[in-house]
Amino acid sequence: MSARPWQKVNDFYAEMVQGRVSLSDLFRKELLQTCAVHDDTEIIEDIHENDIDSAPAKDRTGRWARVTFKVLLSYHGGSFQGWQKQPGLNTVQGIIERSLGKFVDEKKTQLLNEKNLPIEGCVVVAGRTDKGVTAFQQVCSFYTWRKDVKPQDIKSTINDAAPGKINAISVTEVSREFHPNFSAKWRRYLYVFPFNDGKEAELSSQVEKDLNEHDYAFTLDNGLHDDKDQIEAGNKPTRFEVSKVNQLLSQLEGKLLSYKMFARDTKASRNVGPPTECFVFHARATEAILPCTQAGSETKIMCIELVANRFLRKMVRVLVATAVREAAAGAEEDALLKLMDATCRRATAPPSPPDGLCLVDVGYTDFDKKICFIS
């Protein structure tokens with residue numbers, strides 16, 4: 001899927017992080033009747049109004065004396081080597097923790113000095129994003145025993161760490177019980193899939209390659225298609241309908257399923273049972289328009305919106321690529337559901353590029369479909 005105008009998507013995400021455009025700008029006015037589009041400010045209010053984010057009113061002493069802060073972040077995926085801190089790599093976590101070093105308490109500073117370690121803060125995140133994946137409202141937390149640290153000080157420090165690439169939307173003091181990951185009830189992702197020349201919903205060369213006789217046999221063996229003769233004859237599909245992708249994805253809604261066939265790079269211990277089970281609240285696709293940024297023209301795109309209680313490693317990108325492949329092949333509505341029972345991960349498509357993926361937000365109250373972009 002690399003042979004596509006991904007740079008336009010990257011440019012849009014970069015502008016979004018800097019606050020020059022919003023996700024709402026992706027949808028044309030004529031689509032508003034079928035898309036529940038909300039302004040970004042409304043999204044923040046709806047999601048975080050009842051968060052577990054109130055600090056205890058009484059004075060805290062002993063181990064409860066530490067102060068915990070919740071940080072709402074946006075960052076441009078194309079500017080970093082992913083979220084997780086790794087030696088020698090430019091990562092979001094690495095930059096954030098270095099910038100928070102100035103707020104570390106004296107006891108921890110002394111311990112770090114004794115071990116000849118850099119003075120850095122420690123952040124916990126709602127979900128680690130891969131290299132190239134953008135975040136609009138990522139949630140992380142940081143704590144310190146210092147009582148003179150103000151939310152505005154943390155926000156300013158983070159924003160100065162990588163101007164234009166990382167933006168601290170808000171910083172609030174929260175209860176010690178708050179955990180960005182374990183307290184979350186759902187996560188929402190948006191995948192922007194650009195069409196070549198902005199005209200046709202054509203398959204990329206990678207998806208066409210994935211539809212060759214060798215790889216496609218895994219799908220055929222699962223009984224998902226009856227056009228084997230056509231494929232073997234070389235008449236492989238080259239286009240797909242966005243409505244078909246939407247039809248395939250919508251079958252996942254409201255079901256608790258094991259997505260191990262759609263995961264990648266997971267440990268063997270997490271390949272079976274509850275660790276691979278996810279509940280998908282919302283899974284839809286629609287056509288939209290990527291507005292022109294500094295250079296170029298508007299680009300026709302497909303937007304895929306996925307909301308679930310949790311996601312496995314590369315699960316969204318594999319789902320997107322597989323849904324596109326199955327839509328092009330004219331699969332039945334339950335094609336993705338049937339793939340859940342496959343015995344080899346080659347039955348699903350290779351992950352789509354990370355450039356199109358954005359972690360939109362994380363919810364700490366019950367999911368409400370009213371916040372969705374695509375209805």
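The values are calculated or read from the model by the stated rules, or taken from the named source; none is laboratory data. The shown structure was predicted, so the numbers you read here are calculated from the model rather than taken from an experiment. Heads up, the Cβs are rebuilt from the backbone with ideal geometry, glycines too, and the neighbour counts pull from every protein chain shown. Ligands, DNA and RNA are excluded from the accessible area calculation, which covers all protein heavy atoms including side chains. Shrake-Rupley method; radii C 1.70, N 1.55, O 1.52, S 1.80 Å.
Some notes on this structure:
- Test: residue in segment 183-190 that is modelled with pLDDT under 55, more than 30 Å from residue 98 (Cβ to Cβ) and of a type outside the set (Ser, Thr, Tyr): no
- Selection of first residues in segment 323-335 that are touching a residue at least 12 places away in the same chain (Cβ under 8 Å) and open to solvent by 20 Å² or more (accessible area, probe 1.4 Å) and of second residues that are assigned to a helix (DSSP H, G or I) and of a type outside the set (Phe, Trp, Tyr), restricted to Cβ pairs under 7 Å at least 6 apart or on distinct chains, gives the following pairs, ordered by first then second residue: 333/247; 333/248.
- Number of positions in segment 149-180 that are assigned to a loop (DSSP other than H, G, I, E, B) and open to solvent by 60 Å² or more (accessible area, probe 1.4 Å): 5
- All positions within segment 129-148 that are open to solvent by 10 Å² or more (accessible area, probe 1.4 Å) and hydrophobic (A, V, I, L, M, F, W, C): 136, 145
- Segment 341-361, subset over 18 Å from residue 246 (Cα atoms) and among the aliphatic types (A, V, I, L, M), residue surrounded by the most Cβ atoms within 10 Å (Cβ to Cβ): 359
- Yes/no for residue 296 being open to solvent by 40 Å² or more (accessible area, probe 1.4 Å) and modelled with pLDDT of 95 or more: no
- Residue within segment 360-368 that is within 24 Å of residue 7 (Cβ to Cβ) and among the small types (Gly, Ala, Ser) present: no
- Looking across segment 304-315 at every residue that is touching a Phe, Trp or Tyr at 6+ places or on another chain (Cβ under 6 Å) and open to solvent by 10 Å² or more (accessible area, probe 1.4 Å), the one that is nearest to residue 281 (Cα to Cα) is identified as 309.
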